[in-house]
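First comes the structure, then the notes that go with it.
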Amino acid sequence: MYPAPIDRYSAPATLGEALALLAGAGDDTLCIAGGMSLMQAIKARTVKPRHLIDLNGVAELAGVRAAPDGVSIGAMTRYTEIARAPELRGAYEALCDAAAHVGDRQVRNRGTLGGSLCWNYLAACSPPTCLALGASIELAAAGGRRSVAIDEFLGTPLETARRPDEVLVAVRLPPAPPRAGSAYKKWGLVTDALPVLGVAVFLQCDASGACTAARVGVGGLAAGPKRAAATEQALVGCRAADTERIAAAFAAGAAGLPLQSDIWATTEYRQLLFRDLGTQVVATAFARASGGQ
Amino acid sequence: MDTRISVTVNGVRHDRQVPIRLLLVDFLRDHLALTGTHVACTYEGVCGACTVQLDGKAVKSCMLLAVQANGRTVTTIEGLAKDGRLHPLQEAFNEHHALQCGYCTAGILMNAEEFLREHPRPTDDEIRHALVGNLCRCTGYAHIVEAVRDAAAKLR
């Protein structure tokens, strides 16, 4: 594996410089973030950029910031930092779960949230997790900025709503509601590798501990990351102790998901994984919503 | 297309003209003759043998271009021993027989060195989790875990 020739390499120091470089650039110009997916594609020559714009030097794109209007995660924030970000504990801790088990240490030291979302690989952990958390994706181009809901941002695998002249600037999460918790868990054949299935859940509870709203994101689907609408509805009213009802919510939701059969697992096995991982992440999310774990 | 880069490797600054498509691992091995950094897979980023530290962080050098290290600091296995003395991790690997063929060892040491800076008192589970990105096909990892644990104690 060795890259095809690359004519130009730019290392902008600011977002403005990066956007100026991107403005009017052709299809053969690509931004590189952590490169943990893109470099594989470049080395395999499935992608042959002539001009690479390296975002690793753009300091303003990195870091997790909490403010009264919510939490903002810069696109170039690396998994290592996300995994231990105190700003995400509790309501948005699913992102810490996902980041802590992406690939391996070396990958987490380099890989970024924004890069993963823009690549939108079908087995990636960040897309279904951000889907469950109801994130907004902030995009910038030389002509201005826009914000897109994660549900609209993520397309089919390897496709997103990002235009070629745009840079994903930040992932924004609204101020955490009271008594909210989230969790993510995946299962694969190799520890921490790309999973066969990953499930993220975000729960809001009332003062009595009953779920008032839920979002469920599923990764590992050939069709791309999806929400499990039937499961989300069936989780409303559940309490942490309602284990059978929670399992039933995932069993019911599995029927509405495009769970494919492939060399890694059959549809039936994926249904079982969805239910099993789902009940586990719901238990963790309930505990986090109540201030535990 | 070639471009000029300046990279500080093991404390020595190197100014070189390199193709943009040159991988960092090949820059280290072929241009700087630092062949302690190995390639054990076919540059797929799966084996971890090419792990070096970029500004102190363990990364796989087959997953970066050399131009991305411009202006940065790289530490390779050749930079681990200081003043003719092995690093405590290297001593522990020797004492615990934590290698057989040795092909993966440089990458493991460069990863483990940063890991122990971050986790001075690791549990065995944490050590094993830290080694996920480094394939060793000889040892079965038991002696590697022992060596990392022992080095952690010596470094404290």
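Would you confirm, using the coordinates I've provided, whether residue A:80 is over 19 Å from residue A:181 (Cα atoms), of a type in the set (Val, Ile, Thr) and in a helix (DSSP H, G or I)? Yes, satisfied. The residues of segment B:114-126 that are more than 9 Å from every other protein chain (Cβ to nearest Cβ), closer than 24 Å to residue B:79 by Cβ and in contact with a helix residue (DSSP H, G or I) (Cβ under 8 Å, 6 or more places away or on another chain), listed by number, are B:116, B:119, B:120, B:122. Scanning segment A:93-110 for residues that are hydrophobic (A, V, I, L, M, F, W, C), within 14 Å of another protein chain (Cβ to nearest Cβ) and assigned to a helix (DSSP H, G or I) gives A:99, A:100, A:107. Screening residue A:12 on (1) within 20 Å of the chain's Cα centre (by Cα); (2) part of a loop (DSSP other than H, G, I, E, B); (3) not hydroxyl-bearing (Ser, Thr, Tyr) shows it passes everything except condition (1).
At least 3 residues being over 21 Å from residue B:102 (Cβ atoms) is the threshold, and among the strands (runs of 3 or more DSSP E) wholly inside segment B:1-78 those reaching it are B:2-9, B:12-19. Take the residues of segment B:127-147 that are of a type in the set (D, E, K, R) and surrounded by 15 or more Cβ atoms within 10 Å (Cβ to Cβ): which is nearest to the other protein chains (Cβ to nearest Cβ)? The residue in question is B:128. Pairs linking a residue in segment A:1-25 that is within 13 Å of chain B (Cβ to nearest Cβ) to a residue that is of a type in the set (Val, Ile, Thr) and surrounded by fewer than 20 Cβ atoms within 10 Å (Cβ to Cβ), with Cβ atoms under 8 Å and 6 or more positions apart or on different chains, are A:1/B:42; A:9/B:3.
Please state which one of B:155, B:65, B:89 is among the hydrophobic types (A, V, I, L, M, F, W, C), over 18 Å from residue A:103 (Cβ atoms), buried (at least 24 other Cβ atoms within 10 Å of the Cβ) and away from chain A (no Cβ under 13 Å). Matching residue, one of B:155, B:65, B:89: B:89.
Taking residue A:28, is it more than 24 Å from the chain's Cα centre (by Cα) and within 14 Å of chain B (Cβ to nearest Cβ)? Here the answer is yes, as residue A:28 does meet what is asked.
No lab work stands behind these numbers, since they all come straight from the coordinates. Given the structure is predicted, the values throughout are model-derived calculations rather than measurements. We place every Cβ from the backbone using ideal geometry, glycine too, and count neighbours over all the protein chains shown.
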